[in-house]
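See structure below.
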Amino acid sequence: MLDRLKLEHILFLDIETVPQYVTYNELDETSKVLWEQKTQYQRKEEYSPEEFYDRAGIWAEFGKIICISVGFFKLKGELRNFRVTSFHGEEIAILKEFKTLLETHFNKPQQLLCAHNGKEFDFPYIARRMIIHGIDLPAKLNLFGKKPWEVPHLDTMELWKFGDYKTFTSLKLMAYVLGVPSPKDDIDGSQVRDVYYEEKDLDRIIAYCEKDTITVAQILLRMRNESLLSEEEILSI
């Protein structure tokens, strides 16, 4: 089935998120209580709520999106290229621009969104942040009432499970075992918060996000047993 999909019908994406505030102390009292309750299972007795706040970007209720990178194939005969771009800046602007892209260029039934662990993280995170900001969900993210086979989402991690629900496989590990080249200068996902708030280097985060988007596309190519993209075939727009 995977080889029947048309590559040009797939929008590949990755998001980067950070805590909404620089420090735990900037939360109001209600938020502090709710944060403590939300993270109690993950923290156990090892961390206080304040110590754990650096990880708040993982949760849409306490984090925010600082970058959405997208990529798509353009095919003409045997020629192909993969075009990558990013939305960044204020979160509400990022979300509105991404929504516009979905509604103007990826609004057809056969078109799909694809991310690594997207069904558990990227897609619901974007949808939740849109609702928080009062933005109507685009059709590709509005899953209310849809049957599983009607959901227009691909997830490379889910594809790799082949029905096995007991495991998490990182994008980095999948890229390695499938022979997808991974840049050596990548920052780690756990560093995004510090790079954003302490180093104030958004460009570095954008580059990292775009590389992950390209890697997702490369992994899908490998799973279809197709040749990987060359550097010449990858275009920034």
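The values are calculated or read from the model by the stated rules, or taken from the named source; none is laboratory data. Since we're looking at a predicted model, the values are computed, not measured. Note that each Cβ is placed from the backbone with ideal geometry, even for glycine, and that neighbours are counted across all protein chains shown.
Here's a check for you: in the stretch 56-71, which residue that is in a helix (DSSP H, G or I) and in contact (Cβ under 8 Å) with a residue 40 or more places away in the chain is surrounded by the fewest Cβ atoms within 10 Å (Cβ to Cβ)? For the stretch 56-71, the residue satisfying everything is Ile58.
One residue is enough: does the stretch 33-46 have a residue meeting the conditions among the basic types (Lys, Arg) and touching a helix residue (DSSP H, G or I) at 6+ places or on another chain (Cβ under 7 Å)?
Narrowing the stretch 33-46 to residues among the basic types (Lys, Arg): 38, 43-44.
Then keep just the ones that are touching a helix residue (DSSP H, G or I) at 6+ places or on another chain (Cβ under 7 Å); that gives 43.
So far as the stretch 33-46 goes, yes, one or more of its residues are among the basic types (Lys, Arg) and touching a helix residue (DSSP H, G or I) at 6+ places or on another chain (Cβ under 7 Å).
If you go through the stretch 1-28 and keep only what is within 30 Å of Gly89 (Cβ to Cβ) and assigned to a helix (DSSP H, G or I), you end up with Leu7, Glu8, His9, Tyr24, Asn25, Glu26. Only one of the numbered conditions (1) at pLDDT below 95; (2) over 30 Å from Pro109 (Cα atoms); (3) surrounded by 12 or more Cβ atoms within 10 Å (Cβ to Cβ); (4) hydroxyl-bearing (Ser, Thr, Tyr) is not met by Tyr197, and that is (1).
State whether the residues of the stretch 111-134 include one that is touching a His at 6+ places or on another chain (Cβ under 7 Å), on the phi < 0 side of the Ramachandran plot and part of a helix (DSSP H, G or I).
Keep residues of the stretch 111-134 that are touching a His at 6+ places or on another chain (Cβ under 7 Å), which gives 111-113, 118-119, 123.
In the following step, the residues that additionally are on the phi < 0 side of the Ramachandran plot were identified as 111-113, 118-119, 123.
This time we only want the ones that are part of a helix (DSSP H, G or I), so: 123.
Yes; the residues of the stretch 111-134 include at least one that is touching a His at 6+ places or on another chain (Cβ under 7 Å), on the phi < 0 side of the Ramachandran plot and part of a helix (DSSP H, G or I).
Matching residues to (1) of a type in the set (S, T, N, Q); (2) crowded, with 17+ Cβ neighbours inside 10 Å; (3) over 14 Å from the mean Cα position of the chain (by Cα):
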| site | (1), (2), (3) |
| --- | --- |
| Asp122 | no, yes, no |
| Leu141 | no, yes, no |
| Thr156 | yes, yes, no |
| Phe162 | no, no, yes |
| Asp186 | no, no, yes |
| Arg193 | no, yes, yes |
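Among the residues of the stretch 82-96, those identified as at pLDDT 95 or above and either β-branched (Val, Ile, Thr) or surrounded by fewer than 16 Cβ atoms within 10 Å (Cβ to Cβ) (or both) are Arg83, Val84, Thr85, Glu90, Ile92, Ala93, Ile94, Lys96. Can you tell me which residue is farthest from Ile65 (Cα to Cα) among those in the stretch 107-117 that are in contact with a Pro (Cβ under 9 Å, 6 or more places away or on another chain) and surrounded by 15 or more Cβ atoms within 10 Å (Cβ to Cβ)? Of everything passing the filter in the stretch 107-117, Gln111 is farthest from Ile65 (Cα to Cα). Evaluated against (1) out of contact with any strand residue (DSSP E or B) (no Cβ under 7 Å at 6 or more places or on another chain); (2) within 25 Å of Lys211 (Cα to Cα); (3) modelled with pLDDT of 95 or more; (4) surrounded by 14 or more Cβ atoms within 10 Å (Cβ to Cβ), Thr169 falls short on exactly one condition, (3).
Across the stretch 137-157, the qualifying residues are those that are modelled with pLDDT of 95 or more and not in a loop (DSSP other than H, G, I, E, B), and the one among them that is farthest from Leu5 (Cα to Cα) is Met157.
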